[in-house]
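Peer 1: Next up is a structure, given as structure tokens.
The values are calculated or read from the model by the stated rules, or taken from the named source; none is laboratory data. Predicted, not measured: the structure shown is a model, and the values here were computed from it. Here Cβ is always computed from backbone atoms with ideal geometry, including for glycine, and neighbour counts include all displayed protein chains. Remember, those area values only see protein heavy atoms, side chains included, never the ligands or the DNA or RNA. Shrake-Rupley method; radii C 1.70, N 1.55, O 1.52, S 1.80 Å.
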Amino acid sequence: MIIISACLLGRNVKYSGGNNLTPWLAAYYDPALFLPLCPECIARLPIPRPPVEIRNGTGTNVLAGSARVYNKDQEDVTRHFLYGAATTLHLARNHQVSAAILKEGSPSCGVTRIYDGTFSGRRIPGQGVTAALFQQYGIPLYSEQTLTKSILRELIRREKELQNPKI
């Protein structure tokens, strides 16, 4: 299976109640190959919910205990993000996930960039909490901004081979 951020398929799981539909990705969606998930929904955060950013670091720092996750109302929601990441990893391992396509910029799913924790719109290099945990466990990561159609077609080809090995 290939995990994909549910918002990229048009599911209304975003903090605002909307989605991040990426039509070219959605065109490749096949429920036999893709597992759409939202770590923040898995953590039972409501929709809609206040925006969230990682303060004083990145997802890697949150996993190490040296950074925290806060919403715009200054509520510490770190435990929700850790739970969402751990549960998503558990699902990934149970479904033998071969790769993950995640939403860039998200405090959970950001692959190469996240917001800086000041709610000013400034982005910094780094990963969201779930993306950082996936990387620690060797799951290849892509975002809607780093993935190309040719890479996606190759991921799908490999996934089909894994699901239907030739004897």
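Peer 1: Return one whole number: the accessible area per residue of the stretch 42-81 in Å², for a 1.4 Å probe.
Peer 2: For the stretch 42-81, the per-residue accessible area is 54 Å².
Peer 1: Sticking with this one: Quick one: check the C-alpha center-to-center distance for the stretch 1-25 versus the stretch 68-125, whole angstrom.
Peer 2: 14 Å
Peer 1: Can you send over the carbon and sulfur percentage of the accessible area for the chain, probe radius 1.4 Å, protein chains only?
Peer 2: 52 percent
Peer 1: What does the charge count near Val69 come to, summing +1 for each Lys or Arg and -1 for each Asp or Glu among other residues with Cβ under 11 Å from its Cβ?
Peer 2: Details: positive: Arg55, Arg68, Arg79; negative: Glu40, Glu53, Glu75, Asp76.
Net of charged neighbours comes to -1.
Peer 1: For the chain, which cysteines have no second Cys with its Cβ under 4.7 Å from theirs?
Peer 2: By the Cβ distance rule, which asks for a partner under 4.7 Å, the isolated cysteines are Cys7, Cys109.
Peer 1: P(r) tail for the stretch 53-167, what percent of Cα pairs lie past 17 Å? Before the final figure, lay out the partial values.
Peer 2: Details: 3650 of 6555 pairs.
Within the stretch 53-167, distances greater than 17 Å cover 56 percent of Cα pairs.
Peer 1: Please name which of Ala32, Ala92, Gln145 has its Cα lying farthest along the dipole of the chain towards the positive end, using unit charges on Cβ (Lys, Arg +1; Asp, Glu -1) and the Cα centre as origin.
Peer 2: Ala32
Peer 1: Further question: When the chain is treated as a GNM, springs tying every alpha-carbon pair under 10 Å, which of Thr58, Thr130, Thr87 comes out with the largest mean-square fluctuation?
Peer 2: Highest fluctuation of the listed residues: Thr87.
Peer 1: How far, in nm, would the chain grow between Leu21 and Thr87 when pulled straight, counting 0.36 nm per residue and subtracting the alpha carbon separation?
Peer 2: Values: separation 66, 0.36 × 66 = 23.76 nm, distance 2.38 nm.
Length gained between Leu21 and Thr87: 21.4 nm.
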